[in-house]
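This report refers to the structure that appears directly beneath it.
The values are calculated or read from the model by the stated rules, or taken from the named source; none is laboratory data. Computed from a predicted structure; not experimentally measured. Don't worry about glycine lacking a Cβ; one is built from the backbone with ideal geometry, like all the others, and counts go over all protein chains shown. When the accessible area is computed, the model is the full protein with side chains, heavy atoms only, and any ligands, DNA or RNA have been set aside. Shrake-Rupley method; radii C 1.70, N 1.55, O 1.52, S 1.80 Å.
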Amino acid sequence: MNKLTIKDITIVAVFAAILFTQEQVLTFLPNVQFTVFLIVLFSKKLGFVRTFFIVLIHVILDNLVMGSFNIMYFPFMFLGWMIIPITLCTIFKKCESPLILAILGIVFAFLYSWIYVIPNVLVLEVDPWVYLVNDFWWEIILAVSSFLSIMWLYDPCAKAIDKIMK
């Protein structure tokens with residue numbers, strides 16, 4: 001893709017809105033969300049460039065709404081979510097199996113969670129082991145919700161996006 005078309009911009013805007021909205025709607029269930037699933041889906045079906053912009057918009061909105069637009073967290077959140085399209089559009093480019101993608105979803109959930117160790121250790125001087133122990137069950141919840149959502153929703157949603165993109 002050499003340049004973004006109006007259709008691309010519309011797709012990015014709509015999917016960024018979906019990504020952001022689902023996370024806000026599910027905030028009452030800590031770490032239960034479809035964020036990993038949706039970024040996996042967008043990476044596989046829309047490619048790297050569109051997914052980059054979707055993730056960027058999502059992170060900006062999330063930080064503005066949640067009041068954490070902070071140099072300490074913003075880049076780490078962005079990097080944490082960008083691990084998904086970076087790996088799925090390169091190393092795992094040919095992978096389409098919902099089971100493999102769901103297992104990768106577990107890995108992505110943990111990587112996203114672990115990326116926050118860096119600012120907490122460097123800036124707040126939190127003991128990394130204390131941080132990881134305290135965050136462990138939240139990481140498990142995110143990993144399970146990521147695995148299940150990819151297993152159950154990837155195929156039907158991928159087919160729907162294929163129809164939309166025609």
Only unsatisfied item for Ala109, checking (1) closer than 30 Å to Ile6 by Cα; (2) aliphatic (A, V, I, L, M); (3) open to solvent by less than 50 Å² (accessible area, probe 1.4 Å), is (1)
Residues of region 6-25 classified as within 15 Å of Thr51 (Cα to Cα) and open to solvent by 70 Å² or more (accessible area, probe 1.4 Å), total:
5
Could you list, in sequence order, the residues of region 1-30 that are touching a Phe, Trp or Tyr at 6+ places or on another chain (Cβ under 7 Å) and farther than 17 Å from Phe78 by Cα?
Gln22, Pro30
Give the residue that is most open to solvent (accessible area, probe 1.4 Å), with candidates limited to residues of region 71-86 that are among the β-branched types (Val, Ile, Thr) and within 12 Å of the chain's Cα centre (by Cα).
Ile86
Any residue at all in region 131-141 that is of a type outside the set (Phe, Trp, Tyr) and closer than 19 Å to Ile18 by Cβ?
no
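Let's see how each residue does on (1) over 15 Å from the mean Cα position of the chain (by Cα); (2) more than 21 Å from Val25 (Cβ to Cβ); (3) without any contact (Cβ under 8 Å) to a residue 60 or more places away in the chain:
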| position | (1), (2), (3) |
| --- | --- |
| Phe37 | no, no, no |
| Leu41 | no, no, no |
| Phe53 | no, yes, yes |
| His58 | no, no, yes |
| Asp62 | no, no, yes |
| Val65 | yes, no, yes |
| Leu101 | no, yes, no |
With criteria (1) over 23 Å from Ile11 (Cα atoms); (2) surrounded by fewer than 17 Cβ atoms within 10 Å (Cβ to Cβ), Leu142 comes up short on (2)
What tally of residues in region 117-129 results from selecting those that are in contact (Cβ under 8 Å) with a residue 40 or more places away in the chain, surrounded by fewer than 18 Cβ atoms within 10 Å (Cβ to Cβ) and within 22 Å of the chain's Cα centre (by Cα)?
1
So which residues in region 22-32 are in contact (Cβ under 8 Å) with a residue 12 or more places away in the chain and either among the aliphatic types (A, V, I, L, M) or touching a Ser or Thr at 6+ places or on another chain (Cβ under 6 Å) (or both)?
Glu23, Val32
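With respect to Leu56, is the statement that it is surrounded by fewer than 20 Cβ atoms within 10 Å (Cβ to Cβ), at pLDDT below 95 and part of a helix (DSSP H, G or I) true?
no
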The one condition in (1) under 17 Å from Ile141 (Cβ atoms); (2) surrounded by 16 or more Cβ atoms within 10 Å (Cβ to Cβ) that Phe28 fails to fulfil:
(2)
Please find, within region 87-99, the residue that is nearest to the chain's Cα centre (by Cα) out of those that are surrounded by fewer than 20 Cβ atoms within 10 Å (Cβ to Cβ) and outside any loop (DSSP other than H, G, I, E, B).
Thr87
Among (1) open to solvent by 50 Å² or more (accessible area, probe 1.4 Å); (2) over 18 Å from Val40 (Cα atoms); (3) aliphatic (A, V, I, L, M); (4) part of a helix (DSSP H, G or I), which single condition is Leu132 missing?
(1)
